[in-house]
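Here's the structure, in structure tokens; my notes come after.
The values are calculated or read from the model by the stated rules, or taken from the named source; none is laboratory data. Please read these numbers as outputs of a predicted model, since none were measured by experiment. Virtual Cβ from ideal backbone geometry, glycine too; neighbours counted across all protein chains shown.
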Amino acid sequence: MAGFLLVNPRAGDGRPGAEQLVAAARKRGIDAHLLSEGEDPGEVARTAEADALGIAGGDGSLAAVADVALDRGLPFVCVPFGTRNHFARDLGLDRTDPLDALDAFGGRERRIDVGRASERLFLNNISLGLYAQLVRRREHHRGRREAFARMRAWLVLLTHREPLGITIDGEPEEAELVLVGNNSYVLELPSLGARTRLDEGLLSLYVVRGGGVEERKGERFVVDAAAGRLDAAVDGEHDVLETPIEFRIEPRALRVLVPPDA
């Protein structure tokens, strides 16, 4: 199989070892491309001559390449190379070992669900409200010391608990935070924040208000706001989404390759 791997050297705030990963991939016969500053991974993937498309990066790097793989009908490979690597964990990979994940090229295939926010693909989740503001603050202060940036971000959660002013499927909702997940998240220890399935065929929508959490499941949700836009964290990366946002699931749409022992 002719594999093509993009490597994001800025994943995880500049993770070391990008060139070593490129060398290891090429040694396995994988065509590897180190992304340069400002280069669009989706555009690079779209023009690549390959039978499988992969990316080594954090959670925020994955969706653009996965979307191209889906559009081209090619299998997708995730190589964990970021800070938290939530998608890699839920896929069953060793998220601390990017070299082992290279064995996915030529590995076995799985079919998993993807989520859409209007036309934007997401693999993990999209949050609206407090967490999105936290991510925005974190990115704004990224050039400063990490501890200071984290402290400033958490202050958002502690001091700005105003409702979002949204509707969900046409009904007003006094929520402080809304999270839409591609499949269900575990809300109990010891697996808090993980997913046991990626092929349930359902979105899980979590509404946080007054310290409590309400979970709803469905194939489609519409979130609207009078402001016409909402701060969002899309797979952990800050963005602003125009409303109304139509969230929907595409069951088992994405072909994903995993190592034989995953």
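So the values come out like this:
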| quantity | calculated |
| --- | --- |
| Number of the condition not met by Asp71 [criteria: (1) acidic (Asp, Glu); (2) closer than 15 Å to Gly42 by Cα; (3) surrounded by fewer than 22 Cβ atoms within 10 Å (Cβ to Cβ); (4) touching a residue at least 40 places away in the same chain (Cβ under 8 Å)] | (4) |
| Subset of the range 202-228 [surrounded by 13 or more Cβ atoms within 10 Å (Cβ to Cβ) and within 19 Å of Arg120 (Cα to Cα)] | Leu202, Leu203, Ser204, Leu205, Gly218, Phe221, Val222, Val223, Asp224, Ala225 |
| Some residue of the range 229-239 being basic (Lys, Arg), surrounded by 15 or more Cβ atoms within 10 Å (Cβ to Cβ) and in contact with a strand residue (DSSP E or B) (Cβ under 7 Å, 6 or more places away or on another chain) | no |
| Restricting the range 97-139 to residues that are among the hydroxyl-bearing types (Ser, Thr, Tyr) and closer than 16 Å to Glu237 by Cα, the residue that is modelled with the lowest pLDDT | Tyr131 |
| Among residues of the range 224-262, those that are farther than 27 Å from Gly92 by Cβ, hydrophobic (A, V, I, L, M, F, W, C) and in contact with a helix residue (DSSP H, G or I) (Cβ under 8 Å, 6 or more places away or on another chain), counted | 2 |
| Answer residue from the range 68-101, given it is hydrophobic (A, V, I, L, M, F, W, C) and part of a helix (DSSP H, G or I) and is nearest to Ile126 (Cα to Cα) among those | Phe87 |
| Qualifying residues in the range 145-176 (those that are at pLDDT 95 or above and out of contact with any Leu (no Cβ under 9 Å at 6 or more places or on another chain)) - the one surrounded by the most Cβ atoms within 10 Å (Cβ to Cβ) | Thr167 |
| Condition check for Arg142: under 30 Å from Val207 (Cβ atoms), at pLDDT 95 or above, in contact with an Asp or Glu (Cβ under 9 Å, 6 or more places away or on another chain) and surrounded by fewer than 20 Cβ atoms within 10 Å (Cβ to Cβ) | no |
| Within the range 177-191, considering residues that are of a type in the set (A, V, I, L, M) and either over 29 Å from Arg255 (Cβ atoms) or not assigned by TED's automatic domain parsing to the domain that holds Gly218 (or both), the one surrounded by the fewest Cβ atoms within 10 Å (Cβ to Cβ) | Leu189 |
| Residues of the range 236-252 classified as modelled with pLDDT of 95 or more and under 19 Å from Ser61 (Cα atoms), total | 1 |
| Residues satisfying the stated conditions in the range 76-110, i.e. surrounded by fewer than 22 Cβ atoms within 10 Å (Cβ to Cβ) and within 16 Å of Arg28 (Cβ to Cβ) | Asp97, Leu99, Asp100, Asp103, Gly106, Gly107 |
| Selected residue [modelled with pLDDT under 95 and surrounded by 12 or more Cβ atoms within 10 Å (Cβ to Cβ)] from Gly38, Gly17 | Gly17 |
